[in-house]
Structure formats: C-alpha cells, structure tokens
1. For residues that are at pLDDT below 95 and either under 27 Å from the mean Cα position of the chain (by Cα) or of a type in the set (D, E, K, R) (or both), tally how many sit in segment 47-63.
2. Please go through segment 100-127 and give me each residue that is modelled with pLDDT under 90, touching a helix residue (DSSP H, G or I) at 6+ places or on another chain (Cβ under 9 Å) and β-branched (V, I, T), ordered by number.
3. Quick one: would you say P49 is in contact with a strand residue (DSSP E or B) (Cβ under 9 Å, 6 or more places away or on another chain) and either under 28 Å from R204 (Cα atoms) or in a loop (DSSP other than H, G, I, E, B) (or both)?
4. Cβ-Cβ below 7 Å, separation at least six or inter-chain, first residue in segment 284-310 and farther than 16 Å from A271 by Cα, second surrounded by fewer than 24 Cβ atoms within 10 Å (Cβ to Cβ) and aromatic (F, W, Y): which pairs?
5. Say we look at segment 286-321 and pick out the residues that are assigned to a loop (DSSP other than H, G, I, E, B), of a type in the set (A, V, I, L, M) and under 16 Å from T164 (Cβ atoms); which of these is most open to solvent (accessible area, probe 1.4 Å)?
6. Condition check: at pLDDT 95 or above and within 20 Å of the chain's Cα centre (by Cα). Does F201 satisfy that?
7. Being closer than 26 Å to S154 by Cα, touching a residue at least 12 places away in the same chain (Cβ under 8 Å) and not hydroxyl-bearing (S, T, Y) narrows it down to one residue among K245, K268, K256; which is it?
8. Pick out the one residue from T85, T44, T35 that is at pLDDT 95 or above, open to solvent by 10 Å² or more (accessible area, probe 1.4 Å) and among the hydroxyl-bearing types (S, T, Y).
Amino acid sequence: MSIGVLIVDDSAFFRQQIKAIINADSRLRVIGEATNGREAVDKTLRLKPDVITMDYEMPLMDGISAVREIMQKQPTAILMFSSLTLQGARVTLDALDAGAVDFLPKSYERVSGANSSLKQILVEKLLTLAGPRVAPNVSQPVPSVARHSKKTYSQSFELVLIGTSTGGPVALQKVLTQLPANFPCPILLIQHMPGTFTGAFAERLNAQCAIQVKEAVDGESLSPGSAYLAPGGMQMMITGKNRIKILTGDARLNYKPSVDLTFGSAVKYYANRTLAIVLTGMGADGREGARLLKQSNSVVWAQEGSTCVIDGMPSAIVKANLADEVIPLLDIAQRMVEVVR
C-alpha cells in the first residue's frame, strides 16, 4: 500500500515539481494539494494523509498556524520547506516547535533540476516520516526498552557530547532546558542542520536555557555550564583539553557536522571521562564514534525508541551493543545531573 502525501504550497510550479517527484516513486502517491494553510487543515481532516509537505508563506493561514492546528486536530507527520536565510531558520524552528517533524531547504532551482539531489532526499524523508509502513530498504526501529535500568559509574565525567538529527531541535530543547546553570562540565552539541540555521538555533536555546548555549567558534576554550553547537556545514573536533577546532573537514563525509567525527576526536583527550548521548535521528551517524569511545571506557547513552521522532541513530547504538543506558527523552537531563558531578 502506497504512502499518501498532501502537498501544501501556494506556488503551482512548486506543487507540480514536488508532485512529479513523489508520484515517480511507487511507494508514494499524492492524494491532495492545498494552496493555503486553511485548505491544508481542511484537507488533512478529510483525506487523512500519512505525510504532509508544508510551505510557510501562504495566504489566509501561514504554515506554522496550519501545523499547529493540524497537530491539535489530526496529528500527522509534517515536512516543512524553508528558505536558507536567518529569517527562514527562525520560521523553521517555530514550525518544529509547533509540531513539524523535519524540514528541507526550499529551492526552485534544485527541485526543477534534471539530476536534483533534492529528489532522493525528499523521497527518503517522506518514506521515513511515514513510519513503519515503508519499504524494507528503510531502517526499522528496534523494539523499545520497557524499563530504564540505571547504572553507576566509577569515573568522573569531564565532557558531555550529544549527537542528533531528525527531531533533534525539539529533543535538545527538552534536555538542555532542564539542566541547571552550574552544570559541572561543558557540552558539545552535534545537530545535522544547514549552516544558516545553527546560529539562530543556538540563539534560541540560549534564551530558553539556564546554561549558556552558543554556536561553536574555532579555537575557543570550553567552560563548565556551557553548550557549544557545531556550526552547520562544518566539523567540530576536540584538539586539546578544553579546546575545540572548527574546520571544513573531508568532503567524503556524509554529514557536516558529523557526530562520528566529534565523538571520535574526544578519545585522545577525554578517554574514560566522556558521556556521549545519541538522540533521535535518521541513519547511523554516531555509531562508529561511540564504538571508539566505548573502547576507551567512556559511557554511551541512547534515547529510548518510543520517545524518538526517528529511531535510526539511537537504534544503531543499541543494535551494536554500545548503549550503557537507553533512556526516555524526558529523563535524560535528570540522569545527566545525577551522574555528572
């Protein structure tokens, strides 16, 4: 059975291009189109799509208002299209707060290109966001852990690393806003996100949290009670005790920033003293870095599957037997406070 998609955009050209991409894949089919937010809400209630693609700027009702109303009346996986500007970043973050699951940059050039990379990414995201009815080549979640068993650790932690992707902005917000201002060690955040978004995201988190949150800068020193967000499109590495480097990195790496790269770079300077946490996200970024950390006797946690938007990254940790604890999202901050002293 194919996955039903509702396309919401006031541009007829963009709707046409997205529709062609979706209908070219036998696993997907467009079941409806809407030209504004009000029509999107009405058609969601009537057609009950599996996934919605949503624009922001539309007449009658904007995308964020539509997302909010849809999530109240007919909760549905929503993929936002957003511009790669500071304003677009802020709007996208508002949409994620309202209940959208993920986002893609909106580009008329990319969507209409003959070999557009957007086509493959869009199909992959729609299939993943649709949930367990997708085709076998899409990763399936591992069974959730029914109860979280707390462990005791002999080491003293000096660094916390948190890696995440799809669903990460909201997950990071839920974790970081629960931490006290005097949290005793620095935190490095690796979130898959475009470069134009990370500054706005760090700014938003800093306003919401008791700890300080900032976009990481090349060469800066790490301080307790502060979180450093890897800039989008760049790599963040630990190059000394309490010292980080921001660099372009190898073009062959799939992710910029890469959770694997940051995790792996901690081994030399924080062996046995790192707490690494893998939150919601597609794929398996973080697994190999976590493997290196485990070999150095550091500790790795994974977010519990039923509390993830997408359980790909955490389940990769669990399947590889790298997770010391598997913890529901809303319990992670308290657990961090308990073990990092």
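The values are calculated or read from the model by the stated rules, or taken from the named source; none is laboratory data. All of these numbers come straight from a predicted model, not from anything done at the bench. Cβ coordinates were reconstructed from backbone atoms using ideal geometry, including for glycine residues, and neighbour counts include every protein chain displayed. The protein model used for the area step is the full one, side chains on, heavy atoms only, and it has no ligands, DNA or RNA in it. Shrake-Rupley method; radii C 1.70, N 1.55, O 1.52, S 1.80 Å.
1. Count: 7.
2. Hit for segment 100-127 is V111, nothing else.
3. Against the criterion (in contact with a strand residue (DSSP E or B) (Cβ under 9 Å, 6 or more places away or on another chain) and either under 28 Å from R204 (Cα atoms) or in a loop (DSSP other than H, G, I, E, B) (or both)), P49 qualifies.
4. D285/Y255
5. Only one residue fits best here, namely V309.
6. Yes.
7. When all the criteria are applied, what remains is K268.
8. T35
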